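One structure below.
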Amino acid sequence: PCPLVAPDFPNGKSSSQAHCFYTPRCQTLKMTRISIIFLLLFSLNSCIIDEQTEVKHLTKNFNLSWWAEPRYQSIYENSDHNEYGGSTIIPETVFAVGFNDDFIIAKQHPNKEEEISNRLFNRDSTGYYRLSNPADTIYLSQEDSIFIRNGNYYHISNGWSPPDSLFPYRKETKFYIIDIRNYDLKNWNSRENKYEYDSESEFYTGRQKLGVPQDLTFKIIEEKLK
């Protein structure tokens with residue numbers, strides 16, 4: 001610890017009444033510590049700033065944007081047309097978008113990592129992870145131990161590295177229509193104005209019901225995410 005020095009005081013004041021002073025060596029150490037703290041904070045901030053983002057303004061207060069990797073591309077509601085993030089309207093991975101002042105249409109491959117993880121790591125009373133779908137064993141590592149007990153499939157290991165094929169999950173495509181004809185920043189509710197479809201035929205039926213014009217096509221298509 002740094003020594004404290006009590007200088008001589010006139011008028012008979014005792015050292016107990018005096019203030020303590022750091023020696024020059026202690027002041028140097030203190031400044032060094034402060035410099036290190038600022039350097040660490042600057043480095044952390046630089047890492048955050050350097051993380052790549054991309055934002056494309058669509059229409060009204062809706063942006064198509066991603067952070068870190070294109071596969072995180074989503075549609076957000078954000079009054080700042082140049083800022084990443086906001087209120088998520090359609091989560092990752094959005095790979096095709098069309099829009100006008102009345103509607104936004106989109107195609108998306110879902111992120112299956114969380115869903116598969118919940119199915120893989122469902123521990124029951126045996127203390128092991130029960131596989132509700134034996135086909136999920138394809139997502140387990142080769143080092144894992146799989147066994148059958150009372151007709152049920154189980155595995156032991158809780159270590160898991162999700163395969164890239166789950167995010168985005170290209171075997172499944174969802175279609176969306178967002179109705180923004182009566183859009184208002186304060187009163188518009190995405191739950192009431194967003195329509196999700198599991199097939200292209202359902203999507204086209206939904207277009208007809210909502211009155212989406214035929215000339216509204218997918219203007220933005222990310223080929224690497226298809």
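What follows is calculated from the coordinates using simple rules that are stated; it is not laboratory data. What you see is a predicted model; the values in this text were computed from it and never measured. Note: ideal-geometry Cβ built from the backbone for every residue, glycine included; neighbour counts use all protein chains shown.
Restricting the search to segment 167-206, which residues are of a type in the set (D, E, K, R) and farther than 22 Å from T93 by Cβ?
D179, R181, D184, K186, E192
Between residues in segment 102-131 that are in contact (Cβ under 8 Å) with a residue 40 or more places away in the chain and residues that are small (G, A, S), which pairs lie under 8 Å by C-beta distance while being six or more apart or on different chains?
Close Cβ pairs satisfying both conditions: I104/G98; I105/G98; A106/A96; A106/G98; K107/A96.
Which of the residues that make up segment 142-188 are in contact with a helix residue (DSSP H, G or I) (Cβ under 8 Å, 6 or more places away or on another chain) and either of a type in the set (A, V, I, L, M) or under 17 Å from S125 (Cα atoms) (or both)?
Within segment 142-188, I146, Y153, H155, L166, I177, I178, I180 meet the criteria.
Would you check which residues across segment 96-109 are crowded, with 19+ Cβ neighbours inside 10 Å and more than 12 Å from Y176 (Cα to Cα) and list them?
None; the set is empty.
Checking I116 against (1) surrounded by 14 or more Cβ atoms within 10 Å (Cβ to Cβ); (2) not in a helix (DSSP H, G or I), which single condition isn't satisfied?
Among (1) surrounded by 14 or more Cβ atoms within 10 Å (Cβ to Cβ); (2) not in a helix (DSSP H, G or I), the lone unmet condition for I116 is (2).
Taking segment 48-81, which residues are in a loop (DSSP other than H, G, I, E, B) and either crowded, with 21+ Cβ neighbours inside 10 Å or among the acidic types (D, E) (or both)?
Answer for segment 48-81, where residues must be in a loop (DSSP other than H, G, I, E, B) and either crowded, with 21+ Cβ neighbours inside 10 Å or among the acidic types (D, E) (or both): E51, E69, Q73, D80.
With respect to R149, is the statement that it is over 23 Å from E114 (Cα atoms), surrounded by fewer than 14 Cβ atoms within 10 Å (Cβ to Cβ), touching a residue at least 12 places away in the same chain (Cβ under 8 Å) and over 25 Å from the mean Cα position of the chain (by Cα) true?
yes
Let me confirm something: among G127, G98, which residue is of a type in the set (G, A, S), farther than 30 Å from G206 by Cβ and over 20 Å from the mean Cα position of the chain (by Cα)?
Exactly one residue qualifies, and that residue is G127.
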